[in-house]
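This report refers to the structure that appears directly beneath it.
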Amino acid sequence: SREHQKIKPGGCGGGPGLEHLYTTGLLYHYYLTGNPQSRELVLGLADWVLRIIDQPQTFIGALHSLKKKQFLWKEVRKGNRIRSDIFPFTRGSGNAVTALLDAWSLEGKELYIRKAEEIIRGCIHPADDIESRNLLNAEVGWSYNVCLQAVGKYLDVKLEKGELDKMYDYAKASLLHYAKWMLEHEYPYLDKTEILEYPNETWPAQDMRKSCVFYYAAKHSHGDLR
């Protein structure tokens with residue numbers, strides 16, 4: 001809003017956007033109450049994700065997509081190296097995967113699983129150069145843990161389906177690749193308050209996400225690493 005902009009110009013959160021997409025609470029509400037509206041909302045949001053991640057189907061949509069890549073072209077012209085990931089390694093991709101998995105649990109539609117896999121392949125790889133992602137810049141990189149949590153949830157779904165296929169191996173190897181890096185580099189965020197704009201109680205909440213990632217990694221590891 002205009003009033004919000006007066007307080008923090010250009011730095012406001014909001015939606016609709018994948019970064020602010022939350023379906024699991026609605027899913028649990030449906031399971032607990034049988035309220036059909038909660039079920040319809042989960043499915044509706046998942047279908048919205050499908051429209052968001054697919055390529056634009058109109059000329060104007062294609063132009064808008066090109067415009068969003070302008071900053072990348074500028075970096076290339078400067079001679080800077082950039083990553084070419086299809087999807088960002090952020091809470092946006094994590095929330096999208098989670099929404100699709102939640103919708104699958106309601107309807108069992110394979111399209112939801114296949115699209116979740118498309119997002120996972122598009123944002124992480126078992127041989128990623130993790131240092132190039134600048135994840136230790138907490139203000140920018142913190143939400144990668146949301147994405148890894150969603151990968152863990154995906155692995156649970158694959159186990160439930162009995163699909164221990166190439167995509168399962170890909171996601172598992174990617175998760176463990178990042179978890180091993182986290183073992184060596186991650187720390188409680190409030191240990192370095194000097195790099196945080198607002199060193200408040202939200203940061204320990206994000207640390208809990210790291211614990212969830214380590215839980216999933218332990219579940220899929222063996223021996224001393226587990």
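The values are calculated or read from the model by the stated rules, or taken from the named source; none is laboratory data. This one's a predicted model, so the numbers in the text were calculated from it and none came from an experiment. So basically every Cβ, Gly included, is an ideal-geometry build from the backbone, and we count neighbours across all protein chains shown. Calculation scope for accessible area: heavy atoms of the full protein, side chains included, ligands and nucleic acids excluded. Shrake-Rupley method; radii C 1.70, N 1.55, O 1.52, S 1.80 Å.
Before moving on, here are some points about what is shown:
- Computing FRET efficiency as 1/(1 + (r/R0)^6) for Leu41 and Leu136, where r is the C-beta to C-beta distance and R0 is 45 Å, gives about 0.80.
- Residues Glu184 and Arg121, FRET efficiency given R0 of 22 Å [Cβ-Cβ distance, rounded to 0.05]: 0.30
- 13 Å Cα-Cα reach of Lys153 towards aspartates and glutamates, excluding residues that sit fewer than 8 places from it in its own chain: Asp102, Glu117
- Report summary: the helix-based calculation at 222 nm, which adds -39500 (n - 2.57) for every DSSP H run with n ≥ 4 and divides by the residues of the chain, gives -20000 deg cm²/dmol.
- Solvent-accessible area of the chain (1.4 angstrom probe, protein heavy atoms only): carbon and sulfur portion equals 56 percent.
- FRET efficiency estimate (nearest 0.05) - Cβ-Cβ, His64 to Cys212, R0 30 angstrom: 0.30
- Across Lys109/Lys180; Lys74/Lys210; Lys67/Lys192; Lys115/Lys161, pairs whose alpha-carbon gap is larger than 28 Å: Lys109/Lys180; Lys74/Lys210; Lys67/Lys192
- For segment 152-226, the equivalent ellipsoid built from the Cα gyration tensor has semi-axes of 29, 13, 10 Å, listed from largest to smallest.
- Shown here: Kirkwood radius over Cα pairs in Å, derived from the displayed model; of the candidates (i) 21.4; (ii) 20.6; (iii) 19.3, it corresponds to (iii).
- Relative contact order of the chain, defined on C-alpha pairs under 8 angstrom at six or more residues apart (%): 18
- Considering only Gly152, Gly44, Gly34, the mean-square fluctuation computed in a Gaussian network model of the chain, springs between alpha carbons under 10 angstrom, is largest for Gly34.
- Normalised by residue number, the volume inside the convex hull of the Cα atoms of segment 133-191 is 84 Å³ per residue.
- DSSP-assigned coil residues among GluC sites (Glu not before Pro) in segment 169-226, each with at most 14 further Cβ atoms within 10 Å: Glu197, Glu201
- Net charge dipole size for the chain [Lys, Arg +1 and Asp, Glu -1 on Cβ; Debye, nearest 20]: 740
- Whole-Hz ³J(HN,Hα) from phi, Karplus 6.51 cos²θ - 1.76 cosθ + 1.60, for segment 198-209, glycine and proline x: 10, x, 10, 6, 5, 5, x, 4, 5, 4, 5, 4
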